[in-house]
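K.L.:
Take this structure first; my questions come after.
Every number here is computed from the coordinates shown, using simple stated rules; none is lab data. All values derive from a computational prediction rather than experimental measurement. Here the Cβ positions follow ideal geometry from the backbone for every residue, glycine too, while neighbour counts run over all protein chains shown.
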Amino acid sequence: MIKLTAIGNLGKDCVTNTVNGKNVINFNVAHTEKFRDAQGNQKDKTIWVECAYWTDRTGIAPYLRKGTQVYVEGTPDIRTYSKNDGTTGVSLTLRVLSVQLLGSRGEGGDSQGGGYSSGNSYAAPASSAAPAAAGGGNYSEPMDDLPF
């Protein structure tokens, strides 16, 4: 089993698409680590994770905005692509199984704080045969598959 978890900030607002009749929310998460190099200088290393969240529960999409801090969990994949200069690039992608909103940076004059209380989460249903929850997929519906 391979599982990837990441905490970081969204680099841009999410995009919701429909592919072959299924909803997917695409977004990217940046995780930055601070460290000291051999000379003792402070350095930053940022890793970008391209995320695809296949779900019918698209109520979270309005809250996935640039700067929002999220916790994502899912199955990782590495994709290669050709760059304009002819070299090969590599991208870390994640098929998201669950996403949890942690907060927002509060930058850009967004005094609303993202419009949600921190700690809200969404998880992909374990099976497509699971009965739909009452409430029609509202963002405030309770999660019944939390590990605690």
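K.L.:
Only sites in a loop by DSSP and with at most 15 other Cβ atoms within 10 Å count here; which trypsin sites (Lys or Arg not before Pro) in the stretch 1-34 make the cut?
P.N.:
LYS3, LYS12
K.L.:
Simple spin-label model, 7 Å along Cα-to-Cβ: ASP37 to VAL90 in nm?
P.N.:
Reported label-point gap for ASP37 and VAL90 is 2.1 nm.
K.L.:
Taking square-rooted eigenvalues a ≥ b ≥ c of the alpha carbon gyration tensor, is the stretch 1-56 rounded, prolate or oblate, where a/c under 1.5 means rounded and, failing that, a/b exceeding b/c means prolate?
P.N.:
Prolate is the answer for the stretch 1-56, as a/c is 1.5 or above and a/b outweighs b/c.
K.L.:
If I model a spin label at ASP13 and ASN26 as a point 7 Å from the Cα along the Cα→Cβ vector, what separation in nanometres do I get?
P.N.:
Simple spin-label model gives 1.6 nm for this pair.
K.L.:
Determine the alpha carbon to alpha carbon distance for each of LYS12/LYS34; LYS3/LYS43; LYS22/LYS83 and list only those over 25 Å.
P.N.:
Violating the 25 Å Cα-Cα cut-off are LYS3/LYS43; LYS22/LYS83.
K.L.:
Using a 7 Å offset from the Cα along the Cα-to-Cβ direction at both LYS83 and THR46, what is the distance between the two label points in nm, to one decimal?
P.N.:
Here the modelled spin labels are 1.6 nm apart.
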